[in-house]
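Below is one structure; the comments refer to it alone.
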There are 2 protein chains.
Amino acid sequence: MKNYTYLELHTFTKDIFIKCGMPLDDAIQAADVLLSADMRGIDSHGVARLSGYVRLYEADRANMKAQWKVIHQTPSTATIDADQGLGLVVAPHAMDIAIEKAKQVGTGWVAIQNSNHFGIAAYHAMKALPHDMIGMAMTNASPLVAPTHSKQRMLGTNPICMVFPAGKHLPIVADMATSAAANGKLEIAQRSGKEIPKGWVQTKDGQKSTDANELKKGGSLLPLGGHKGYAMASIVDIMTSVLSGANYGPWVPPFVSFLNPLENLPGKGIGHFVGAMRIDAFRPAEDFKSHIDNWIDAFKNAERIDEKQQVIIPGEPEFWMQNEREKNGIPLNDLVEKDLLDLGDKLGVKLV
Amino acid sequence: MKNYTYLELHTFTKDIFIKCGMPLDDAIQAADVLLSADMRGIDSHGVARLSGYVRLYEADRANMKAQWKVIHQTPSTATIDADQGLGLVVAPHAMDIAIEKAKQVGTGWVAIQNSNHFGIAAYHAMKALPHDMIGMAMTNASPLVAPTHSKQRMLGTNPICMVFPAGKHLPIVADMATSAAANGKLEIAQRSGKEIPKGWVQTKDGQKSTDANELKKGGSLLPLGGHKGYAMASIVDIMTSVLSGANYGPWVPPFVSFLNPLENLPGKGIGHFVGAMRIDAFRPAEDFKSHIDNWIDAFKNAERIDEKQQVIIPGEPEFWMQNEREKNGIPLNDLVEKDLLDLGDKLGVKLV
């Protein structure tokens, strides 16, 4: 375990993308998104995934010189073809378009097809905050989750993120997978050799399991809280991909390059959906923000079960982590560090 | 247990509302919404609630002659003051406005303040379907759910509904509470004297419980799947009420008339949020609908755990129920039937 500064890892990430042929401004953008995950403590979605993106490029499944374009639009909507590029690059542009449309007509909504994974949803949604807008971002992902009563992997962990600006307080950033547990939590349990709670995974035959390695044995993740989580994951799958023209359900191309996409795909790449809503399209932004402050105060002061365990506002731990890592840097575990060093050696980029 | 026809219960419900001073067209609309819940098998949200609405009226907390009005708007948004009327009446009008805005600029979004409960979210969202639009509806509700680490009731069961039109298949109707279990499920367990699964409720001290009567003892409902359900319920609370100017969190006025609203309320009534998105604002509607058919076929054919237990598409059981009740009528249990007969006696309306 060793700590690196934001700048060290950002520079490295950007230079790796440039070595893969990505233009400078896209490489900076992609590094911004990946590093925002590390800074916020979502280690599974940050530089730990960098070599995964590079392998997709090497397998000719990610286009580092992608030229995304708007293929359809109305005053409040747009559909983007991401040209098989990285969601890390196209999703922030899609948010810019959503914000611009919200300035014009109150709200803006952009569906994206033909993309690859976009990192953490919160990065994209949070672009709305400086404009006094509510931000939204969702994406589908490699199928790992079985719908209720099935043992087949049909849905991704399909996160939903919505963010709300506050006045004196930090914004509310609700960003969550629609599966009971994200893959990152399984990996932590695997490393520590611990059992996982019931309700996270099932075996390949659909039996309940507490084995953190169940996915490697052909098992599947379970939706959050049963059939309601299945319904929420379905909403995300449809909004991001049936609406945009991307692949959905079992056809979503896997993030890992050693698994090939299925044949006869019904769409292009994976899909995202982002949105921005101008608060003063509903009520004055200052009123909204002062009531959000009041909402936060009420929830922070809700009666605790255990005096020592405070009630958490959605997004709060990630701000604490960002604060901590700005001071002390980003710790990389030995496996991730070695992976980055090997990647750097291969492409001729020094980590420090 | 006795069965009544749709028309018998619709006529009764409409006439009760008229006796409370509601104009005819509003009374028909309110009866449509309540009866749609009974027809779809959501018995907890149908005529079983009729006397609850009347008690709110008698307590001077619901305005049966309400004149809702749009108090702010942009091309894609509107905010409505419901004039303390029933959500049953104002929410369908709000959806009409959302649909009209979607026709003009691609999407339409309406926030509603100063309202009362709106019945099932699905009724409102489904108004989008004949227009080849995606429909959305959410509402907050009486505080019964404790946020993670708290023993205080701070959130309602806050449902989210999204609906998607299909081609040859029935539409997808995803409508779910963001709590682990809705109150209706507790009532079923109470009647049968059964224990409920862990994770549905906690005691007034925040301890886990399997007692179906825990709410009556000061306990609280738990959010769906822990902190993620808390975050989702928070999103609904903010979108419906902080954005519209309604009450939020612990201040949401209780549906039951024997509990008084808190003092110094930060907003007006309860809040809803509805929306409509024109599918051809993103891609041709026929393409979308044929891919929804393909999505449904894929999920219906997903490998089953138990050959006898099929995978369910969100909304499917409610269509089955509607089909069944169109043939055989709506069964009322003895308690609900007596409640309606008493109500009819009091207001001079015959049930049949």
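The values are calculated or read from the model by the stated rules, or taken from the named source; none is laboratory data. Since we're looking at a predicted model, the values are computed, not measured. As a convention, Cβ positions derive from the backbone with ideal geometry for all residues, glycine included, and neighbour counts pool all protein chains shown. Heads up: the accessible areas ignore ligands, DNA and RNA and are worked out on the full protein's heavy atoms, side chains in. Shrake-Rupley method; radii C 1.70, N 1.55, O 1.52, S 1.80 Å.
Miscellaneous remarks
- Proportion of all alpha-carbon pairs of region B:23-94 beyond 19 Å (%): 40 percent
- Measuring max minus min along each principal axis, the C-alpha atoms of region B:13-58 give extents of 29, 21, 11 Å (largest first).
- Carbon-plus-sulfur accessible fraction, chain A (probe radius 1.4 Å, protein heavy atoms only): 52%.
- Exposure check, 1.4 Å probe, all protein chains in place: residue A:191 carries approximately 150 Å² of accessible surface.
- Lys, Arg +1 and Asp, Glu -1 on Cβ, resulting dipole of chain A about Cα centre, debye, nearest 20: 640 debye
- With N the number of residues in region A:1-122, Rg(Cα) / (2.2 N^0.38 Å) evaluates to 1.10.
- Shielding by partners - mean other protein chain Cβ count within 10 Å, residues of B:312-318: 3
- For the protein assembly as shown, the residue among B:184, B:244, B:291 whose Cα projects farthest onto the positive side of the dipole built from Cβ charges is B:184.
- Charge dipole (region B:1-72, unit charges on Cβ, about Cα centre) - positive-most of B:7, B:42, B:59: B:59
- The simple spin-label model puts a point 7 Å past each Cα toward its Cβ; for residue B:217 and residue A:67 those points are separated by 6.9 nm.
- Region B:132-212 - percent relative contact order, Cα under 8 Å, separation 6 or more: 22 percent
- Over region B:294-333, the reciprocal of the mean inverse Cα-Cα separation, the Kirkwood hydrodynamic radius, stands at 12.0 Å.
- Think of a 1.4 Å ball rolled over the protein heavy atoms: region A:230-277 then has 28 Å² of accessible area per residue.
- Around the Cα centre of region A:247-336, unit charges on the Cβ atoms of Lys, Arg, Asp and Glu (plus for the first two, minus for the last two) sum to a dipole of about 300 debye.
- A probe of 1.4 angstrom, applied to the heavy atoms of all protein chains, finds residue B:327 with accessible area near 150 square angstrom.
- For B:236-242, mean number of other protein chain Cβ atoms within 10 Å: 5
- Residue ranking by accessible heavy-atom surface, 1.4 Å probe, largest first, among A:50, A:24 comes out as A:24, A:50.
- Copies compared at residue B:69 - label distances in nm, ascending, label defined 7 Å from Cα in the Cβ direction: 4.9
- Potential lengthening between residue A:198 and residue A:210 on full extension [0.36 nm per residue; Cα-Cα distance subtracted]: 3.8 nm
- Rounded to the nearest 10 square angstrom, residue B:44 shows an accessible area of 40 square angstrom against a 1.4 Å probe.
- Of the residues A:115, A:261, A:31, the one whose Cα sits farthest toward the positive end of the charge dipole of chain A, with +1 on the Cβ of Lys and Arg and -1 on the Cβ of Asp and Glu, is A:261.
- Per residue accessible area of region A:117-169, 1.4 Å probe, in Å²: 24 Å²
- Buried area at the B:A interface is about 6700 square angstrom, summed over both chains, from accessible surfaces computed with a 1.4 angstrom probe.
- The calculated FRET efficiency for residue B:297 paired with residue A:319, based on their beta-carbon distance and R0 = 60 Å, is about 0.85.
- Relative to the other identical copies, residue A:194 shows label-point distances of 3.3 nm, where the label point lies 7 Å from Cα along the Cβ direction and values run shortest first.
- GluC sites (Glu not before Pro) within region B:219-324: DSSP coil, no more than 12 neighbouring Cβ in 10 Å: B:263, B:307
- Note on region A:100-229: semi-axes of the ellipsoid equivalent to its C-alpha gyration tensor, largest first and rounded to whole Å, are 33, 16, 12.
- By accessible area with a 1.4 Å probe, ligands and nucleic acids excluded, highest first: order of A:332, A:265: A:265, A:332
- For the protein assembly as shown, the alpha-carbon coordinates run over 87, 51, 51 Å along the three principal axes, in decreasing order.
- Estimated D of chain A in µm² per second, where Rh is the Kirkwood radius over Cα pairs and Stokes-Einstein applies at 4 °C, 1.567 mPa s: 62 µm²/s
- Computed on region B:140-295, the Cα convex hull volume stands at 145 Å³ per residue.
- Peptide-level mean, for B:142-151, of C-beta atoms on other protein chains within 10 Å: 4
- Couplings 3J(HN,Hα) of region A:245-255, computed from phi: x, 8, 7, 9, x, x, 8, 4, x, x, 5 Hz, in residue order, whole Hz [Karplus 6.51 cos²θ - 1.76 cosθ + 1.60, θ = phi - 60°; x for Gly and Pro].
- Within region B:73-183, percent of DSSP bridges classed antiparallel, to nearest 5: 70 percent
- Those residues of region A:29-71 whose amide nitrogen sits under 20 Å from the label point placed on residue A:7, 7 Å along Cα→Cβ: A:29-40, A:47
- Note on residue A:96 and residue B:28: the model spin-label points, each 7 Å out from Cα along the C-beta direction, lie 5.2 nm apart.
- At q = 0.15, 0.17, 0.20 Å⁻¹, base-10 log of I(q)/I(0) for region A:228-336 (Debye sum, equal scatterers on each alpha carbon): -1.06, -1.06, -1.05
- The phi-based Karplus calculation (6.51 cos²θ - 1.76 cosθ + 1.60; θ = phi - 60°) puts the 3J(HN,Hα) values of region B:7-20 at 5, 4, 6, 5, 4, 4, 4, 4, 5, 4, 4, 5, 4, 7 Hz, whole numbers, x for Gly and Pro.
- Of the residues A:102, A:281, A:27, the one that moves most in a GNM of chain A with alpha-carbon contacts below 10 Å is A:281.
- Couplings 3J(HN,Hα) for region A:330-336, derived from phi with the Karplus relation 6.51 cos²θ - 1.76 cosθ + 1.60 (θ = phi - 60°), are 9, x, 9, 6, 4, 5, 5 Hz, where x marks Gly and Pro.
- Net charge dipole size for the protein assembly as shown [Lys, Arg +1 and Asp, Glu -1 on Cβ; Debye, nearest 20]: 640 debye
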